[in-house]
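Q: Quick one: the structure is below, questions incoming.
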Amino acid sequence: QVTLVESGGGLAQAGDSLRLSCAASVPSPSNYAMGWLRQAPGKEREFVAIISWSGGTTRYADSVKGRFTITKDITKNTVYLQMNSLKPEDTAVYYCAAGGPWLVSGGGKYDYWGQGTQVTVSS
């Protein structure tokens, strides 16, 4: 049984920073990559960032490169998304997701999802 619990969303102004956390409970941690995806109102869910379980490999969407950083604390089984220089277009529900390690290299299906946390950025 895999459970993912996000926290850290909220309201921010343009230029502010927020940090999202995802506490993961996975039976075989080394089998999973951990990602963040988001869905804005009226839009499809989109990829934001992903990290390998070891933390050694990351990948980002072009829209967040240089502003967002994904990290993980293996001892706590927790993945973080540090979001700096927030923009109104970053407003969305952010989801933590777990899937096969191949997802770090490219797209594909995630197997497990958290409940999502709302991030709202005002101009």
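Q: How large is the dipole of the stretch 30-86 about the Cα centre if only Lys and Arg carry +1 and Asp and Glu carry -1, each at its Cβ, rounded to the nearest 20 debye?
A: 60 debye
Q: GNM, the chain, Cα, under 10 Å: largest mean-square fluctuation among 20, 11, 81?
A: Sorting by GNM fluctuation, first place goes to 11.
Q: With a 1.4 Å probe and all protein chains left in place, how much of the accessible area of the chain comes from carbon and sulfur atoms, in whole percent?
A: On the chain, the fraction of accessible area on carbon and sulfur atoms equals 49 percent.
Q: Work out how much length residue 45 to residue 65 would gain on full extension: take 0.36 nm times their residue separation and subtract the Cα-Cα distance, in nm to one decimal.
A: 5.4 nm
Q: Accessible area per residue of the chain at 1.4 Å probe, in Å²?
A: Using a 1.4 Å probe on heavy atoms only, each residue of the chain averages 49 Å².
Q: Taking the Cα of residue 75, stepping 7 Å toward and past its beta carbon, and measuring to each backbone N in the stretch 1-44: which are under 17 Å?
A: Within reach of a label on residue 75, which here means backbone N under 17 Å from a point 7 Å along Cα→Cβ, the stretch 1-44 contributes 24.
Q: Any idea which of 36, 54, 4 is furthest toward the positive side of the dipole for the chain, if Lys and Arg beta-carbons carry +1 and Asp and Glu beta-carbons -1?
A: 54
Q: Using a simple charge model, +1 on the beta-carbon of Lys and Arg, -1 on the beta-carbon of Asp and Glu, nothing else, what dipole does the stretch 1-109 show about its Cα centre, in debye to the nearest 20?
A: Charge dipole, the stretch 1-109, about its Cα centre: 140 debye, nearest 20.
Q: Let me ask another. Over the chain, how many pairs of lysines fall under 27 Å by alpha carbon, counting only those 8 or more apart in sequence or from different chains?
A: Final tally of qualifying lysine pairs is 9.
The values are calculated or read from the model by the stated rules, or taken from the named source; none is laboratory data. Everything numeric here is computed off the predicted structure, so don't read it as measured data. Neighbour counts run over all protein chains shown; Cβ positions are idealised from the backbone, glycine included. Surface areas here come from the heavy atoms of the whole protein model, side chains and all, with no ligands, DNA or RNA. Shrake-Rupley method; radii C 1.70, N 1.55, O 1.52, S 1.80 Å.
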